[in-house]
Every structure is written in structure tokens, then in C-alpha cells.
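> Structure in C-alpha cells, see below.
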Amino acid sequence: MHSFFSVFSKSIYQLCNDLDSLAYATHSVLQNFLADGVRYLELRTIPRASPTLAFTRTEYLTTVLTTIETFLSVHSPQISVYLILAIDRGNNTAADALSIIDLAIAHRPRVVGVDICGNPTKGDVALYGPALAKAKAHGLGITVHFAETQASGSERELSTLLSFRPDRLGHVIHVPEDFKREIARRRLGLELCMSCNVHAEMIDGGFPAHHFGYWRHVDCPVVLCTDDMGFFCSPVSNEYLLAAEHFDLGRAELLALCRESVDVIFGGQAEKERMRGLLLDFEDTYTS
């Protein structure tokens, strides 16, 4: 895990050090998801200013959004793309967080949600309460990285994150039993990244021991995600393959997972209906 965050903070961010590089990287990511068969995508990014003052946080976001719109002008309605703006717990101040929320509000409907992410061993998530409250008041979806590590799985931190009234939780690894019950009671969406968790050694025991095996039997929608596809070399299709191989899932069970995922997307009711229709068409094709 240390290597993962080190690469991002010291290498990836340095490579995307101008707006042309950012646009190229964004387009490449979108093209990869399209090639993988993804039909609904929520891409998340941390809006940031260049450390060399080459661009501002606003210019960063404008570049990403413009690249998305250009991509969709060619590939819509084959794929729908939305954006989640993330707060970096290791680097963003409370004022930064409010600035990011203001950007999210200003750029709806393409921006559909906000996230708290970053190095789970750093920062105090309580700082972001006012920002998350503002996001909630303006109808943005809220997802938070939750109990990624034992250090970020304290009762204080988890209680604080749940007090933000999130719609979805990411990773959910080191979760005490009482919090598991509360998550199930709220029926929160759970974003699980199997390859990331295994290869970053966030869990022990490899894929067969992944907590997907626990959460899939809880009454919460489970969403299989890819966490930084370029780093872990695992597209979304591979995450479904891993789940099928290690947990003995058939086509019907994989389709059920997809339907549950649709219930907790941030793109709105019309997108939910579109995705349900695509799943029905897919099911008819492979069962007729």
C-alpha cells in the first residue's frame, strides 16, 4: 500500500503536469473503459492545482470535463460518463474541501457525487463535515473510502464517516461487527475492489479470503469496481471474472450483482432505467 500511494504522489501526479497530459490521460482512461464493455461509468478524480502553478484547480476540472464531453460526442449513447470529485484526506484542508464541493455543485449534472479518499493513514476526516453537509444539501451523491486499513478503521473515524450520511462506502475491509450491522441496516452501496485489495496487501489470504465473500450475503448492494486500472492492470470485466472464479458465481449471480449495482448509481433514474434495459437485453441474448 505504501508503494501505491508513493507512486501516485511522486510519479503519476508529476507525469500529468500540464493540461495536455491531463486531457490525454483522461481520454485514454475513457477509451479503456469503453473497450472493456462498460456502459455506465462514474470516473472519480481529485481536482488539484499544479504544484508548478501551470494550472488551477478549476482549469484542471474544466479540462477533464471538456475531454469527457468531446469523448461523448463520438461515443454516446454507447456509454454514459459522469464524474465524482474527490477530497484528498492527506492533503486537502477544510477550505479545499469546500472549494471542491462548490466546483461539484457548479458542474452538475455531469458531476454527480463527491468522495473522501487518499492515504488512509493521514488526515482527520472530521474536517470535512461542513463540506459533505453542503454536498448532501445540494443533492450530490456521497461515497467515502471506509475502513481501508486498521489505522482508518477506528470507531471514531467510522462513526464520523457514517455521520456524513453517505450513500456508498468504498473498500469496507476492517469493519467492526457493530458497524457491519449499521451498514446493513442502512443498506448502503458497497464499492469493492478485489485486485486492489489483494495486490496492495490490504487483506491476507488472497482472493479466496476477500471480504466480497462476506458482503455478498448481506442485504447491501455490492458494486464491483476497478481501483486505478492502469496501476493494478485489472479492468472491470476482470473483477467480475475474479469474483466468478473465486466464489463460484454463475451467470445468473453475476447478473444479479449488476442489477444491485444499478440501484446505487448516482446518475439518476433515467440512467437506472437505461442500464436495467441493457441488462434485460443481455440476459435475453444469453438465455434464449
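> What length, rounded to one decimal in nm, is gained on full extension from His27 through to Asn91, with 0.36 nm per residue of separation minus their alpha-carbon distance? Intermediate values should be presented prior to the final figure.
On the way: separation 64, 0.36 × 64 = 23.04 nm, distance 2.59 nm.
Answer, rounded to one decimal: 20.4 nm.
> What are the semi-axes of the equivalent ellipsoid of the chain, taken as the square roots of 5 times the eigenvalues of the Cα gyration tensor, listed largest first and rounded to whole Å?
27, 24, 19
> Further question: Run the numbers for Gln269 and Thr45: contour at 0.36 nm per residue of separation, minus the present Cα-Cα distance, in nm.
Details: separation 224, 0.36 × 224 = 80.64 nm, distance 2.35 nm.
My answer for the length gained is 78.3 nm.
> Where in region 51-78 does the amide nitrogen come within less than 17 Å of the point 7 Å from the Cα of Asp102, taken along Cα to Cβ?
Counting only backbone N, you get 56-62.
> While we're here: Give me the number: length gained by fully extending Ala35 to Tyr286, i.e. 0.36 nm times residue separation minus the C-alpha to C-alpha distance, one decimal in nm.
Contour length minus Cα-Cα distance gives 88.3 nm.
> Sticking with this one: Sticking to Cα atoms, compute the Rg of region 32-153 to one decimal and its Dmax as the biggest Cα-Cα distance, whole number, in Å.
Final numbers for Rg and Dmax: 15.1, 44 Å.
> Most fluctuating residue of Gly205, Gly123, Gly268 in a GNM of the chain with Cα springs under 10 Å: which is it?
The residue with the greatest mean-square fluctuation here is Gly205.
> Can you sort Tyr128, Tyr286 from fewest to most other Cβ atoms within 10 Å of each residue's own Cβ?
Tyr286, Tyr128
> Run the dipole for region 28-156 about the Cα centre, Lys and Arg Cβ at +1, Asp and Glu Cβ at -1, nothing else charged, and hand back the magnitude in debye, nearest 20.
On the way: 11 positive and 11 negative charges, 34 e Å.
With Lys and Arg at +1 and Asp and Glu at -1, about 160 debye.
> When the Cα atoms of region 130-288 are enclosed in a convex hull and the volume is divided per residue, what value in Å³ results?
It is 127 Å³ per residue.
> Between Asp248 and Ala133, with labels modelled 7 Å along Cα→Cβ, what's the label distance in nm to one decimal, could you check?
5.0 nm
Any read-out appearing in this document is the output of simple, stated calculations on the displayed coordinates, not a laboratory observation. Everything numeric in this text was worked out from a predicted model, so none of it was measured. Note that we place each Cβ from the backbone using ideal geometry, even for glycine, and neighbour counts take in every protein chain shown.
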